[in-house]
Amino acid sequence: MTDTPATETSVSRRLIGRTAVVTGAGSGIGLATARRFAAEGARVVCADIDETAGKAAAEEVGGLFVRVDVTDAEEVEALYKAAFDAYGSVDIAFNNAGISPPEDDSILTTGLEAWKRVQEVNLTSVYLCCKAALPYMRRQGKGSIINTASFVAVMGAATSQISYTASKGGVLAMSRELGVQFAREGIRVNALCPGPVNTPLLQELFAKDPERAARRLVHIPAGRFAEAEEIAAAVAFLASDDASFVNATDFLVDGGIAGAYVTPV
Ligand SMILES: NC(=O)c1ccc[n+]([C@@H]2O[C@H](COP(=O)([O-])OP(=O)(O)OC[C@H]3O[C@@H](n4cnc5c(N)ncnc54)[C@H](O)[C@@H]3O)[C@@H](O)[C@H]2O)c1
């Protein structure tokens, strides 16, 4: 037994012949998932607003890069059309791009502009991406949509990012509803709820402020943050036929945070 993420040599090839669209593929969870999808045999469309990072991801996985601002309805439609035109199907939609800017903080200090921006990028984007992907999947009679929410969609934090949390609650509720609505058309829709992930941003923040890191780590039964590859492994499962009866869930990949009362010392 090992608790380290699977390596490329040990992954199965569950996604051969599938076309997968990944938004926010240039970095973090999106990048790790683009790599994992490709390792499992999928044709990957890497979408990002950051052209340099998105292109690099696409090159690495031998896929297609599409520059997209996920808040723009026309660009999102063009993204899914580009995927279909290039590869002939849209089998997997990983709607993952999101932001958590510092201006989004306690409700006492967060202004309307910051609130709206986060709602647009994190929630409206998922509405647009699902709306664009569904017609292809309905025609195929098959598809898996995974929308990135967060563990904060199911539990509250005293260290608030109010619009972020509300947006992720919205992603969760919307995914559940879509999963129910389209279940009999062969389409599954799940909300992925990751716990905190060990990203460069998080590392930098916590290196500066170890107390802040300790305050969070104490709540995680696993005693550490997730690696992006561990989240990607869960996404690949949800994308694959191995998850054929997993639908409309709040799929937690959080090291046990949401299940914990007292954690080990
Ligand atoms: N990192 C965590 O601890 C964590 C935990 C739970 C949920 N999440 C969620 O996972 C998702 C990915 O997070 P991450 O940590 O990998 O982030 P990240 O910042 O490393 O990557 C996000 C990517 O999205 C892209 N992006 C941002 N705005 C965009 C837009 N308008 N249009 C297109 N692309 C855009 C960025 O350019 C970037 O490449 C987000 O939805 C985030 O809320 C992250």
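The values are calculated or read from the model by the stated rules, or taken from the named source; none is laboratory data. All of these numbers come straight from a predicted model, not from anything done at the bench. We place every Cβ from the backbone using ideal geometry, glycine too, and count neighbours over all the protein chains shown. Remember, those area values only see protein heavy atoms, side chains included, never the ligands or the DNA or RNA. Shrake-Rupley method; radii C 1.70, N 1.55, O 1.52, S 1.80 Å.
For this structure, a couple of remarks:
- Between region 178-213 and region 64-101, the alpha-carbon centres lie 19 Å apart.
- Here's the picture: charge each Lys and Arg Cβ at +1 and each Asp and Glu Cβ at -1 in the chain, and of V152, A228, A239 the one pushed furthest to the positive end of that dipole is A239.
- Between I99 and V218, the distance separating the two model label sites (each 7 Å from Cα on the Cα→Cβ line) works out to 3.3 nm.
- Relative contact order for the chain, counting Cα pairs under 8 Å that sit 6 or more residues apart, in percent: 19
- In terms of the mean number of neighbouring beta-carbon atoms within 10 Å, the peptides 200-207, 213-220, 230-237 order highest first as 230-237, 213-220, 200-207.
- Magnitude of the charge dipole, the chain, Cβ model with Lys/Arg +1 and Asp/Glu -1, debye to 20: 700
- Extension gain for the segment I107 to V262, taken as residue separation times 0.36 nm less the Cα-Cα distance, is 53.0 nm to one decimal.
- With a simple spin-label model that places each label point 7 Å from the Cα along the Cα-to-Cβ direction, the separation between D85 and L205 comes to 3.8 nm.
- Helix-derived mean residue ellipticity, 222 nm - over the chain, DSSP H n ≥ 4, -39500 (n - 2.57), to 500: -13000 deg cm²/dmol
- Highest GNM mean-square fluctuation among D209, D50, D250, for the chain modelled with Cα contacts below 10 Å: D209.
- Burial ranking of peptide ranges 11-22, 254-265 (average Cβ count within 10 Å, highest at the top): 11-22, 254-265
- Peptides 56-65, 187-196, ordered by how many other C-beta atoms sit within 10 Å of their residues on average, highest first, read 187-196, 56-65.
- Global form of region 2-119, assessed from the alpha-carbon gyration tensor, a/c cut-off 1.5: oblate
- Listed by chain and number, the lysines whose C-alpha is less than 27 Å from the C-alpha of K142, apart from same-chain residues fewer than 8 away, are K81, K131, K168.
- Protein-only accessible surface at a 1.4 angstrom probe places the residues M137, M174 in the order M174, M137, largest first.
- Net charge, L112 excluded, C-beta distance under 14 Å - Lys, Arg +1, Asp, Glu -1: -3
- Per residue accessible area in Å² of region 14-250, where ligands, DNA and RNA are left out and the probe is 1.4 Å: 45
- Prolate/oblate/rounded call for region 199-265, Cα gyration tensor, a/c under 1.5 rounded: oblate
- Region 80-224: C-alpha gyration tensor shape, a/c 1.5 cut-off, then a/b vs b/c: prolate
- Approximating the spin labels as points 7 Å out from Cα along Cα→Cβ, the V246-to-E177 distance works out to 2.5 nm.
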